[in-house]
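Take a look at the structure set out below.
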Amino acid sequence: MKLLKTLLPAAALTALPVMGMAQEAAPSMDEVGPYIFTTLLFLMAGFLVFFMAAGFAMLEAGLVRSKNVAMQLTKNIALFSIAAIMYWLIGFNTMYPGDFNGYFAIGGQTVLDPVGVAAADAALDYASVGSDFFFQLVFVAATASIVSGAVAERIKLWPFLIFVIVLTGLMYPISGSWQWGGGWLSEMGFSDFAGSTVVHSVGGWAALAGVIILGPRIGKYKDGRVNPIPGSNLALATLGTFILWLGWFGFNGGSQLAMGTVGDVSDVSRIFANTNMAAASGAVAALILTQVLYKKVDLTFVLNGALAGLVSITAEPLAPTLFGALWIGAIGGVIVVFTVPLLDKMKIDDVVGAIPVHLFAGIWGTIAVIFYGEANLITQLIGIAAYGVFTFVAALIVWSILKAVIGIRVSEEEEINGLDMAELGMEAYPEFSKG
């Protein structure tokens with residue numbers, strides 16, 4: 001007992017410094033909570049936006065003919081993979097540079113936080129580097145997917161993928177830095193919450209340049225008439241639309257960029273509700289309008305109407321009321337119904353309707369910010385014009401160089417037989433020889 005009485009105080013004294021050190025080293029939840037929850041928001045939202053890659057793949061596979069389905073699927077998985085590598089190699093630090101003149105910077109490789117990073121070494125005022133990088137990465141892949149659908153059924157695989165390298169490594173990050181990287185448009189007061197212009201219109205402008213250089217598909221426009229070319233599988237196209245709708249909750253909700261307070265979490269839920277309302281109203285607007293104009297509902301318009309509603313609300317999904325989200329999304333659906341035939345009159349062949357959905361509805365959504373945000377119309381128009389001129393001209397130059405150097409369009413015989421066999425030597429539906 002005497003020995004025990006002697007050892008216990010000594011042990012207690014020995015433990016006191018250790019306990020004191022542990023208490024000092026452990027930050028409070030108030031300090032680390034915002035970092036943890038914002039990191040979690042980026043990861044969860046990033047998972048959802050990543051799933052949009054599947055949505056784009058299914059939508060495009062359903063809207064092209066069966067002889068071109070494997071080609072579209074190949075393009076979609078390849079473009080995401082290329083985007084992931086290019087955004088690590090140069091894109092992320094080009095879009096979010098350190099020292100920055102506000103217009104142009106070329107960054108280097110992304111470096112993640114150390115394994116098991118300590119709270120003292122982490123950026124507790126924001127989120128982990130890995131979660132931020134991953135969340136931003138899935139956006140650039142969505143931009144490339146927009147181009148894929150528009151230029152379908154007549155473009156060669158490798159020239160398209162070379163264009164994706166330039167788009168995801170340089171074009172998108174440079175223009176994205178103007179707004180989200182703290183560049184000149186951000187300083188001017190341009191407002192684009194989640195990317196109606198920064199992501200969707202950029203994809204639309206790049207797609208427009210591509211289809212102009214490529215030209216229309218064989219047989220699309222003949223003898224002054226527009227000849228519809230139905231897709232292979234509207235079930236897949238519908239599935240793809242629902243997947244994109246689901247992914248958009250991450251697209252817009254994650255763009256709150258914070259989940260460390262009651263207000264942030266409440267705002268994320270508000271964004272979810274407005275995003276859903278805009279999609280629903282865009283679909284209903286297209287549903288009613290096609291019935292009125294064509295005496296029958298056109299499913300492809302309804303699908304694109306939902307997507308146009310989503311693109312329209314993306315520039316400002318937080319501030320509007322649910323009624324505000326409804327009318328903003330509905331106008332997006334109307335835009336699609338009227339601009340698809342307008343492009344056909346101009347003999348601009350966009351296979352999946354990507355340009356009406358992402359470019360035209362993206363422009364509308366960016367303008368609609370003035371009704372609920374602090375941005376003014378002139379500033380918004382300057383931003384729209386800046387992204388349009390830069391992306392369209394740059395894309396036109398890249399497409400033209402590719403056309404001159406290696407060619408971007410398959411031969412007439414290969415186009416008629418289908419790109420699956422011509423470019424890949426395999427078919428998505430081998431039971432059928434013709435689509």
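Nothing in this text is a laboratory measurement; each read-out follows from the coordinates by a stated rule. Everything numeric here is computed off the predicted structure, so don't read it as measured data. Neighbour counts run over all protein chains shown; Cβ positions are idealised from the backbone, glycine included.
Considering only segment 138-158, state which residues are crowded, with 24+ Cβ neighbours inside 10 Å and either among the aromatic types (Phe, Trp, Tyr) or free of Cβ contacts under 8 Å to residues at least 60 places away in the same chain (or both). Within segment 138-158, PHE139, VAL140 meet the criteria. Residues of segment 287-320 that are surrounded by fewer than 24 Cβ atoms within 10 Å (Cβ to Cβ), in contact (Cβ under 8 Å) with a residue 40 or more places away in the chain and among the polar types (S, T, N, Q): THR290, THR300.
Scanning segment 44-66 for residues that are crowded, with 24+ Cβ neighbours inside 10 Å, in contact with a Leu (Cβ under 7 Å, 6 or more places away or on another chain) and within 19 Å of ILE416 (Cα to Cα) yields one hit, ALA61. In the condition set (1) farther than 16 Å from GLY282 by Cα; (2) buried (at least 23 other Cβ atoms within 10 Å of the Cβ), VAL336 is compliant with all but (1).
Just one of (1) of a type in the set (D, E, K, R); (2) over 14 Å from GLY210 (Cα atoms); (3) assigned to a helix (DSSP H, G or I); (4) out of contact with any Asp or Glu (no Cβ under 8 Å at 6 or more places or on another chain) fails for GLU414. It is (4).
The helices (runs of 4 or more DSSP H) falling completely within segment 164-235 that include 1 or more residues that are of a type outside the set (A, V, I, L, M) and within 22 Å of LEU307 (Cβ to Cβ) map to 172-179, 202-214. Only one of the numbered conditions (1) of a type outside the set (Val, Ile, Thr); (2) within 19 Å of ALA152 (Cα to Cα); (3) part of a helix (DSSP H, G or I) is violated by MET426, and that is (3).
Yes/no matrix, rows are residues, columns are (1) without any contact (Cβ under 8 Å) to a residue 24 or more places away in the chain; (2) within 30 Å of VAL410 (Cβ to Cβ); (3) acidic (Asp, Glu):
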| residue | (1), (2), (3) |
| --- | --- |
| SER28 | yes, no, no |
| THR39 | no, no, no |
| PHE47 | no, no, no |
| LEU59 | no, yes, no |
| GLY62 | no, yes, no |
| LYS67 | no, yes, no |
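Before we move on, is ILE408 under 24 Å from TRP158 (Cβ atoms) and buried (at least 19 other Cβ atoms within 10 Å of the Cβ)? Yes, satisfied. Restricting attention to segment 387-413, which residues are over 30 Å from LYS67 (Cβ atoms) and over 19 Å from the mean Cα position of the chain (by Cα)? Residues satisfying the conditions are VAL389, VAL393, ALA394, ILE397. Might you let me know whether segment 344-363 holds any residue that is assigned to a loop (DSSP other than H, G, I, E, B) and within 18 Å of the chain's Cα centre (by Cα)? Yes, segment 344-363 has at least one match. Specify which of the listed residues (ALA315, ALA325) is in a helix (DSSP H, G or I), over 30 Å from LYS222 (Cα atoms) and under 21 Å from the mean Cα position of the chain (by Cα). Unique residue meeting the criteria: ALA325.
So VAL292 passes all but one of these: (1) over 18 Å from VAL49 (Cβ atoms); (2) not in a helix (DSSP H, G or I). Which condition number does it fail? Here VAL292 meets the rest and fails (2).
Listed here are the residues, each with its yes/no results for (1) of a type in the set (Val, Ile, Thr); (2) over 13 Å from the mean Cα position of the chain (by Cα).
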{"site": "ALA141", "(1), (2)": "no, no"}
{"site": "ALA150", "(1), (2)": "no, yes"}
{"site": "GLU153", "(1), (2)": "no, yes"}
{"site": "THR168", "(1), (2)": "yes, no"}
{"site": "MET171", "(1), (2)": "no, yes"}
{"site": "ILE174", "(1), (2)": "yes, yes"}
{"site": "TRP180", "(1), (2)": "no, yes"}
{"site": "TRP184", "(1), (2)": "no, yes"}
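The set of residues in segment 95-134 being crowded, with 16+ Cβ neighbours inside 10 Å, hydrophobic (A, V, I, L, M, F, W, C) and part of a helix (DSSP H, G or I) consists of MET95, VAL129, PHE133, PHE134. Scanning segment 69-87 for residues that are more than 30 Å from GLU413 (Cα to Cα) and surrounded by 17 or more Cβ atoms within 10 Å (Cβ to Cβ) yields a total of 4.
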